[in-house]
Amino acid sequence: MNEIQSHSIDCPYCGEIIEIEVDCSEFEQSYIEDCSVCCRPININVMIDFEQHVHVLATHEDE
């Protein structure tokens with residue numbers, strides 16, 4: 001699997017679709033990334049299942 005993949009997410013604040021880069025070398029990770037449109041902090045949770053499918057969840061910083 002390619003270690004860095006691009007994924008589209010909906011910003012939980014402004015609703016715009018933005019592209020983020022996901023490091024697929026770890027099976028589970030959580031980090032904060034600012035929206036490229038409204039600059040609000042998004043909590044990004046990434047999980048990679050046993051079939052190598054990448055699941056990305058974007059929530060408000062305080063969720």
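Derivation of every value follows stated rules applied to the coordinates shown; laboratory data play no part. Because the structure is a prediction, the values reported are computed rather than measured. Ideal geometry is used to build each Cβ from the backbone, glycine not excepted, and the neighbour counts take in all protein chains shown.
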With charges only on Cβ, +1 for K and R and -1 for D and E, what is the dipole size of the chain about its Cα centre, in debye, rounded to 20? 140 debye
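For residue 39, what is the net charge nearby, where nearby means another residue's Cβ is under 14 Å from its Cβ and Lys, Arg count +1, Asp, Glu -1?
Working: positive: 40; negative: 16, 33, 34, 61.
Surrounding charge for residue 39 is -3.
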Provide Rg and Dmax in Å for the chain, with only Cα atoms included in the calculation. 11.5, 34
Extending each Cα 7 Å along its Cβ direction at residue 19 and residue 55, get the distance between those two points in nm, one decimal. 2.6 nm
